[in-house]
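Can you keep this structure in mind? I'll have questions shortly.
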Amino acid sequence: MAKQKSSIERIFHQLAKHPYLSVIGMCLLLFFFGFCEKSNLTKGSYIYAGAVSAAIFAGLAFYGKIGRDTKENLIVFLFAFAFSGVSLYLISYTENSIALMLWLFLFMLALFGIILRMLGSLSTRTLVMLMIAAGIMLRFVYVLYTDSGSRQHDVGFWNWTWGHANYIEYWYHNGLKLPDFDVRTIWQYYHPPLHHWLMALLLRILTLMGMQYETACQALQILPMTYSSLILVVCYRIFRRIKLDGLPLIIVMGILCFHPTFVLMAGFFNNDILSVLLMLLSVMFTLRWYKEPTLKRIIPIALSIGLGMMTKLSAWMPAPAIALVFLYVFIKNIKSWKRYIGQFALFGGICAPLGLWWQIRNFIAFDVPITYVPYLGDQSNQYCGNMSAAKRLFDFGNGQLSFVYDAFTDYGAPYNEYNPTLGLFKTAIFEEGTNGVSDVNFPQIAVTGPILFWIGVVLGLLCFFAFVVMMVRKDSGLDGISRIFFSVFALTMLISFYSFCFKFPFTCTMNIRYCVPLIPLCTMGLGLLLRRFSGKSLPEKILRYSSVGLTIAFALMTCVVYTQIG
């Protein structure tokens, strides 16, 4: 048994040593199965999936040595391969084939987890890795049935005249040639270009390899899907930095792996998900620098924020919290002030040019305000600026909770959403009303949609209050500056979000995509709460069991809803 355990763990140890490469590798393997588009699935796609499955099963059976001898390993391999073959055959002849594909994959992962548990090899890290694999598969299945015209934000169409798609095509056709016109004259061209550069570069690579242009445009979703998947690794690293382990770590990672926001953003063609990834990277690198404040460790923080702002200007939001950590370390080590002045100068020298060159260039050339955001106009049917602040903040009646999806009258809703708090919860689960998920567009979720929503609300409120409690309590397991760091970051996002909703009083601004890092921060709060209250008393046991139950229900209902709409 010990030999079996060490052999299997050798595989997971190698994967865990290179988590980013492992996630990217899984995304690439999935990419060649359909190129992120359901209509591309052919007989060759299933042959490819069978070959990849065979290689994985062979590695687990013979390298991992699940069986006690060669004969048992061969039996395990043949059984797994046969199951995979039958599954792929069924999938290829099923109407909702990709939904079946997800459920069979989840079943195989669960079966594998049970086998590892029987062999004594199911550690917390291994279980988290299986959940991350499940989360990546959920994202891929969603991407397969989601194209550039479904559940997007300001993407427009390919070969069109505006939107993120056209902005990507501009860089595709012009290389790195900067626009010689006022970027306000074409919708979405005001955004910094890093995300669009990367998308244009991949589009160039795919078309040079012979892929048809239309197919290559849809295949670009592999990048946001990969960013969304990498966020899971970054969050895991953040949680391990604050010493989360065991059940608390499993619960918080379970929430993030199956959270609809990250599933939906995996299919975005816009720049949201890359900016979120870079913001969370800046948090991870700041925690690392705080533990050992060296010159080498401050550079990744500067790159994360600088490249984040070069993706979307709102990626500045971790900066105030990071500045407080810098100030604390500087004062604490005031005798070595020259050393830290040098580090901060290098930080600014990297971060500021990367993050602001685009805005400064457009300001100088075309007088575009640094913080320019287009205004829809008071005549828009989304406009809610005529309502009082009290009504928008504190009114939860008028049927707002009867319709659990983000409400737009143009798309079948009974009213236009005006409460930013409800907008956060609704868009976190179903996206925006104009292009999101609702039982108006998908009658098949009339029952399951509200169930997922209310589970998400209860879990979200639990996580939020847990975060607040743990940031206040000295026995949270975090030192004072860490609690201040996380609190200031969360407060910055909330203030920015609500200010944005009142400065631009339109339904479309009340969207979780403007403060997505709040999700991992609040789930972290639940993890800290569970670690602090270990389950010895009855209330603590109730907390732990309810957290487990809510997380399992949340994950399952997310899979149900997001396969139903497929």
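In this structure, does residue 112 turn out to be modelled with pLDDT of 85 or more and either in contact with a His (Cβ under 9 Å, 6 or more places away or on another chain) or among the aromatic types (Phe, Trp, Tyr) (or both)?
Here the answer is yes, as residue 112 does meet what is asked.
Does residue 98 count as among the aliphatic types (A, V, I, L, M), in a helix (DSSP H, G or I) and either touching a strand residue (DSSP E or B) at 6+ places or on another chain (Cβ under 6 Å) or farther than 17 Å from residue 143 by Cβ (or both)?
no
Pick from 260, 369: which is closer than 30 Å to residue 427 by Cα and free of Cβ contacts under 8 Å to residues at least 12 places away in the same chain?
Exactly one residue qualifies, and that residue is 369.
Give the residue, chosen from 457, 447, 404, that is loosely packed, with under 14 Cβ neighbours inside 10 Å, under 20 Å from residue 260 (Cα atoms), in the same structural domain as residue 560 (by TED's automatic domain parsing) and not charged (D, E, K, R).
447
If you scan the range 349-378, which residues turn out to be assigned to a loop (DSSP other than H, G, I, E, B), modelled with pLDDT of 95 or more and surrounded by 14 or more Cβ atoms within 10 Å (Cβ to Cβ)?
368, 372
Each row is one residue, and each column tells you yes or no for (1) in contact with a helix residue (DSSP H, G or I) (Cβ under 9 Å, 6 or more places away or on another chain); (2) not small (Gly, Ala, Ser).
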| site | (1), (2) |
| --- | --- |
| 8 | yes, yes |
| 14 | yes, yes |
| 17 | no, yes |
| 36 | yes, yes |
| 49 | yes, no |
| 57 | yes, yes |
| 64 | yes, no |
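Given 113, 149, which one is in contact with a helix residue (DSSP H, G or I) (Cβ under 6 Å, 6 or more places away or on another chain) and surrounded by fewer than 22 Cβ atoms within 10 Å (Cβ to Cβ)? Break it down stepwise before answering.
Details: 149 fails: in contact with a helix residue (DSSP H, G or I) (Cβ under 6 Å, 6 or more places away or on another chain).
Going through 113, 149 in turn, just one is in contact with a helix residue (DSSP H, G or I) (Cβ under 6 Å, 6 or more places away or on another chain) and surrounded by fewer than 22 Cβ atoms within 10 Å (Cβ to Cβ): 113.
Counting only residues that are among the hydroxyl-bearing types (Ser, Thr, Tyr) and assigned to a helix (DSSP H, G or I), which one in the range 279-301 is nearest to residue 480 (Cα to Cα)?
Let us first name the residues in the range 279-301 that are among the hydroxyl-bearing types (Ser, Thr, Tyr), namely 282, 286, 290, 294.
Retained after the next criterion (residues that are assigned to a helix (DSSP H, G or I)): 282, 286, 290.
Details: 282: 19, 286: 15, 290: 12 Å.
Among those residues, the one meeting the criterion is 290.
Then there's this: Contact list please: Cβ distance under 9 Å, first residue in the range 39-57 and over 18 Å from residue 144 (Cα atoms), second residue not in a helix (DSSP H, G or I), pairs at least six apart or on different chains.
Going by the 9 Å Cβ cut-off, the qualifying pairs are 52/32; 52/33.
Given the criterion under 22 Å from residue 436 (Cβ atoms) and of a type in the set (Val, Ile, Thr), identify the matching residue among 143, 183.
Result: 143 is the single residue among 143, 183 that is under 22 Å from residue 436 (Cβ atoms) and of a type in the set (Val, Ile, Thr).
Matching residues to (1) under 25 Å from residue 36 (Cβ atoms); (2) hydrophobic (A, V, I, L, M, F, W, C):
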residue	(1), (2)
94	yes, no
102	yes, yes
106	yes, yes
110	no, yes
123	no, no
140	yes, yes
143	yes, yes
148	yes, no
173	yes, no
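Looking at residue 427, is it surrounded by 16 or more Cβ atoms within 10 Å (Cβ to Cβ), of a type in the set (Ser, Thr, Tyr) and either touching a residue at least 12 places away in the same chain (Cβ under 8 Å) or in contact with a His (Cβ under 7 Å, 6 or more places away or on another chain) (or both)?
yes
Does residue 126 satisfy the condition of being among the polar types (S, T, N, Q), assigned to a helix (DSSP H, G or I) and either touching a Leu at 6+ places or on another chain (Cβ under 8 Å) or without any contact (Cβ under 8 Å) to a residue 40 or more places away in the chain (or both)? Let's see the steps before the verdict.
On the way: among the polar types (S, T, N, Q): yes; assigned to a helix (DSSP H, G or I): yes; either touching a Leu at 6+ places or on another chain (Cβ under 8 Å) or without any contact (Cβ under 8 Å) to a residue 40 or more places away in the chain (or both): yes.
For residue 126, the condition - among the polar types (S, T, N, Q), assigned to a helix (DSSP H, G or I) and either touching a Leu at 6+ places or on another chain (Cβ under 8 Å) or without any contact (Cβ under 8 Å) to a residue 40 or more places away in the chain (or both) - is met.
The values are calculated or read from the model by the stated rules, or taken from the named source; none is laboratory data. None of these values were measured; they are calculated from a predicted model. Using ideal geometry, Cβ is built from the backbone for each residue, glycine included, and neighbour counts are taken over all protein chains shown.
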